Structure formats: C-alpha cells, structure tokens
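The values are calculated or read from the model by the stated rules, or taken from the named source; none is laboratory data. These numbers come from a predicted model, not from an experiment. Here Cβ is always computed from backbone atoms with ideal geometry, including for glycine, and neighbour counts include all displayed protein chains.
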Amino acid sequence: TIIAQITENEEQNQKIYEQASDILKRGGLVAFPTETVYGLGADALDEEASAKIYAAKGRPSDNPLIVHIADTKALEELSCDVTAQAKLLAEKFWPGPLTMILKKSDCVPKSITGGLGTVAIRMPSHPVAAQLIRTSGVYIAAPSANISGKPSPTRGEHVIHDMKGRIDMIIVDDTVDIGVESTIVDLSEDVPTILRPGYITKEMLSEVLGEVRIDPAIMGSVKPGVVPKAPGMKYKHYAPDADLAIVEGDIDKVVDKINALTKEKEALGYRVGIMATQETKDRYESGVIKVVGSRKDEATVAHNLYAALREFDKQQVAYIYSEGFSENQVGQAVMNRLIKAAGHTIINV
Ligand code: TXA
Ligand code: MG
C-alpha cells in the first residue's frame with residue numbers, strides 16, 4: 001500500500017493525484033479524504049474494481065455505494081430521472097456533505113447499487129477529493145474507508161490501521177472537518193426522505209424542498225418488520241470493540257449514573273471509558289475520560305466522535321459510557337451514530 005501525504009508542495013501533490021488516477025483507471029483502490037470522513041474509492045462504472053471495495057472492507061454485497069462526482073453534468077449521465085428537486089439541492093448544497101438517491105441510468109452497474117434501481121450520488125467539497133475525481137476522469141464509488149462495522153475514519157492513521165495491506169494507495173490529508181458521513185436524501189419517491197442524518201439537516205432541506213420526511217428507522221425506533229430504506233443502516237455499525245452504552249437524561253443525573261456504573265465495573269476488574277464533554281469532564285471520578293467536544297457546540301462532538309471511539313479501542317477498555325446529546329441539528333447525526341454504535345443500549349436516568 002502506497003501512503004502519500006498531501007503537503008504545501010503543489011508539484012508533489014500533482015504527482016500524488018496522477019499516481020492515484022493511474023491506480024483508479026487500472027481498476028485499483030485508493031482511499032482519500034473528504035469533508036465528512038475518508039472514502040475508499042474505485043472506478044464506479046468498473047464492476048470488477050468496485051467488487052474489490054466489498055472484499056477490502058468485508059462489506060455485505062447488498063449494501064450499495066455512493067458515487068462521487070466533481071461536476072453536476074455527471075448527474076444526467078448517472079441518473080435517468082434528474083428531478084427538479086435534485087437540481088435545486090445540487091445548486092444549494094453541492095459541493096458538500098449531501099448524498100441524493102435518484103433513479104439510476106443503465107450505465108450504473110447493479111453490483112454497486114446492491115441490486116436496487118436507484119443510485120446514491122454526492123459531490124464532495126474537499127479539495128483533495130474533487131481534484132482526484134477531476135484528474136482521474138472517473139466517477140468514484142466510495143464507502144467510508146473503514147473495515148465494515150467499525151467507526152468511520154476521520155484521520156489518516158485510522159485508514160492506515162484498517163486498510164494497510166488491503167488496498168493500493170492511501171492519500172492522507174487530515175483536514176476532514178465534519179466527522180460524520182453525509183446526509184442521505186431519497187428523491188426517488190414522492191416525498192423527499194432523509195435516510196441518514198448528517199450535517200445538512202431536515203430544516204435546511206425543507207427550506208428548499210418544502211415537505212421532507214425522516215425515515216422512522218433512523219433514530220433506532222425500529223419496530224419489528226420496519227426495515228431502514230438505506231440498506232447500510234440495518235447493520236451494526238460504527239461500533240468500537242468495547243461494550244458501549246448511552247446514558248440519557250438530566251445532565252447532573254447522567255454524570256452521577258456514569259460515575260456509579262464506572263465504579264461498579266472497575267470493582268469487577270474492568271477498564272472503563274467515559275465519553276465526556278468540556279462541561280462535565282472534571283466531574284468524573286475514575287475511568288479513562290475522553291473529552292469528545294462541547295455540549296454547547298455539537299459540531300465539535302461530530303468532529304471528534306469516531307476518533308474518540310477508536311481511542312477507547314486502543315486503550316482496550318471493556319465498557320464505554322457516553323453522555324447523550326440533543327437531537328437537534330448535527331446532534332441528530334451524532335445520536336444516530338451513537339445509538340447504532342451502542343447497539344441500541346440506552347440507559348435513561
Ligand atoms: O460522507 C459520506 O457519505 C462518505 C464519504 C466517503 O463520501 N461515504 C459513506 O459511504 O458514508 P457508506 O458506504 O459508508 O454509506 C453509504 C450509505 C449506506 O448506508 C448505503 O446503504 C446507503 O448509503 N445507500 C447507498 N446507495 C443507496 C441507494 N441506492 N438507496 C438507499 N441507500 C443507499
Ligand atoms: Mg460507512
């Protein structure tokens with residue numbers, strides 16, 4: 001695996017883009033940064049190449065991939081039904097952390113759509129991602145660059161940990177801002193529906209589209225028989241090795257409960273991790289305490305969430321207790337990922 005660091009040296013960067021482009025055009029795999037998380041890319045229209053993505057990640061083959069583009073013209077080629085809504089959203093939010101689901105055109109192989117008649121499309125704003133798509137001239141199919149089921153990578157070291165030896169090249173540039181994956185909105189049916197919450201919120205989409213629904217499966221309120229519409233959302237996901245539980249309620253009670261639970265596990269000889277915030281960090285009495293961000297600015301929590309989960313794994317804790325967060329704005333994306341990482345273990349106090 002070639003590991004290449006983006007620097008200030010533009011000439012050298014250009015060589016990196018050219019080398020990565022050669023690999024992509026020959027059907028190889030290249031991991032690269034985006035503004036949300038690192039992606040694991042292959043030529044989207046080359047079935048053999050995208051099959052390698054599934055193998056490298058250990059990803060179930062019914063879980064479709066997002067196709068990354070650098071120009072809105074690509075929409076017409078990838079989708080046979082670019083709706084007026086899609087055009088409005090592209091104008092307002094692209095390039096950026098929004099993925100649209102549209103009816104696919106014939107050139108998109110079903111092997112990357114999990115057999116579905118729709119395709120997921122996103123135009124990333126990260127300059128390295130955009131430059132790689134442009135230089136290679138291919139549409140890049142890219143899931144997050146983690147081993148399937150693990151937290152998504154937000155730093156080069158995470159990608160190297162999961163993918164070294166499994167793929168051809170890793171481009172490192174730790175300017176991954178947002179930290180949680182793109183918002184996915186399904187435009188292939190009557191009412192636009194959010195299948196995965198992200199930095200672009202329901203309110204932001206509603207301003208452009210009017211009525212927007214949220215897939216009820218999103219916040220884990222899944223009743224038996226209710227299957228999430230994004231195939232990927234049904235798997236255990238974003239999960240650290242440790243057993244994670246979320247403690248929700250009045251913050252003073254949450255802190256007390258986490259202190260009590262931590263002592264209980266420590267008395268049994270276990271190492272315990274605590275996902276704390278700026279506001280609460282000094283109130284925890286034992287355990288491996290990590291500050292994930294500020295309760296007043298949940299974008300900071302989104303930015304640090306996956307790195308914190310991975311750090312707990314490094315420290316080999318057996319249990320992690322996390323404070324809950326509001327389900328407003330990017331807080332909703334944070335809670336969606338946490339609930340899935342916790343396998344729905346929520347303790348209410
Ligand atoms: O921010 C992101 O979106 C990152 C970066 C790399 O762009 N990518 C990413 O990809 O998160 P991935 O594969 O980890 O998540 C894609 C999600 C999965 O839950 C998948 O099931 C859903 O998108 N998806 C893809 N195509 C779909 C389709 N046609 N219909 C419904 N859901 C789809
Ligand atoms: Mg993923």
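If you go through the stretch 291-312 one residue at a time, do you hit one that is out of contact with any His (no Cβ under 7 Å at 6 or more places or on another chain), polar (S, T, N, Q), away from ligand 2 (no atom under 16 Å from the Cβ) and in a loop (DSSP other than H, G, I, E, B)?
No; the residues of the stretch 291-312 include none that is out of contact with any His (no Cβ under 7 Å at 6 or more places or on another chain), polar (S, T, N, Q), away from ligand 2 (no atom under 16 Å from the Cβ) and in a loop (DSSP other than H, G, I, E, B).
Please work out which residue is farthest from Gly179 (Cα to Cα), limiting yourself to the stretch 13-63 and to residues that are aliphatic (A, V, I, L, M) and surrounded by fewer than 17 Cβ atoms within 10 Å (Cβ to Cβ).
The extreme case among them is Ala51.
One residue is enough: does the stretch 73-84 have a residue meeting the conditions β-branched (Val, Ile, Thr), at pLDDT 95 or above, over 25 Å from Ile171 (Cβ atoms) and surrounded by 20 or more Cβ atoms within 10 Å (Cβ to Cβ)?
Within the stretch 73-84, one or more residues are β-branched (Val, Ile, Thr), at pLDDT 95 or above, over 25 Å from Ile171 (Cβ atoms) and surrounded by 20 or more Cβ atoms within 10 Å (Cβ to Cβ).
Return yes or no: is Arg310 basic (Lys, Arg), in contact (Cβ under 8 Å) with a residue 12 or more places away in the chain and crowded, with 18+ Cβ neighbours inside 10 Å?
yes
What about His126, is it closer than 29 Å to Val330 by Cα, within 12 Å of ligand 1 (Cβ to nearest atom) and in contact with an Asp or Glu (Cβ under 6 Å, 6 or more places away or on another chain)?
Spelling it out, His126 is indeed closer than 29 Å to Val330 by Cα, within 12 Å of ligand 1 (Cβ to nearest atom) and in contact with an Asp or Glu (Cβ under 6 Å, 6 or more places away or on another chain).
I'd like to know if the stretch 120-135 contains one or more residues that are over 24 Å from Lys25 (Cα atoms) and within 13 Å of ligand 2 (Cβ to nearest atom).
No, that holds for no residue.
Being within 12 Å of ligand 1 (Cβ to nearest atom) and of a type outside the set (Val, Ile, Thr) is the requirement here; does Gly28 meet it?
Here the answer is no, as Gly28 does not meet what is asked.
Show the residue pairs that are 6+ apart or on different chains and have beta-carbon atoms under 8 Å apart, the first residue being within the stretch 242-262 and over 16 Å from Met335 (Cα atoms), the second being aromatic (Phe, Trp, Tyr) and part of a helix (DSSP H, G or I).
Filtered contacts from the stretch 242-262: Ala242/Phe312.
Would you mind stating whether Val37 is in contact with an Asp or Glu (Cβ under 7 Å, 6 or more places away or on another chain) and either within 13 Å of ligand 1 (Cβ to nearest atom) or of a type in the set (S, T, N, Q) (or both)?
So Val37 passes the test.
Name the single residue, out of those in the stretch 290-339 being closer than 22 Å to Ile200 by Cβ and polar (S, T, N, Q), that is modelled with the lowest pLDDT.
Asn328
If only one of Gly96, Gly165 is farther than 18 Å from Ala302 by Cα, assigned to a loop (DSSP other than H, G, I, E, B), touching a residue at least 12 places away in the same chain (Cβ under 8 Å) and away from ligand 2 (no atom under 16 Å from the Cβ), which one is it?
Gly165
So which residues in the stretch 229-250 are under 17 Å from Leu338 (Cα atoms), away from ligand 1 (no atom under 16 Å from the Cβ) and out of contact with any Leu (no Cβ under 9 Å at 6 or more places or on another chain), if there are any at all?
Across the stretch 229-250, the qualifying residues are Asp241, Asp243, Glu248, Gly249.
Could you identify the single residue in Val301, Val288 that is of a type outside the set (S, T, N, Q) and farther than 16 Å from Tyr199 by Cα?
Residue meeting the stated conditions: Val288.
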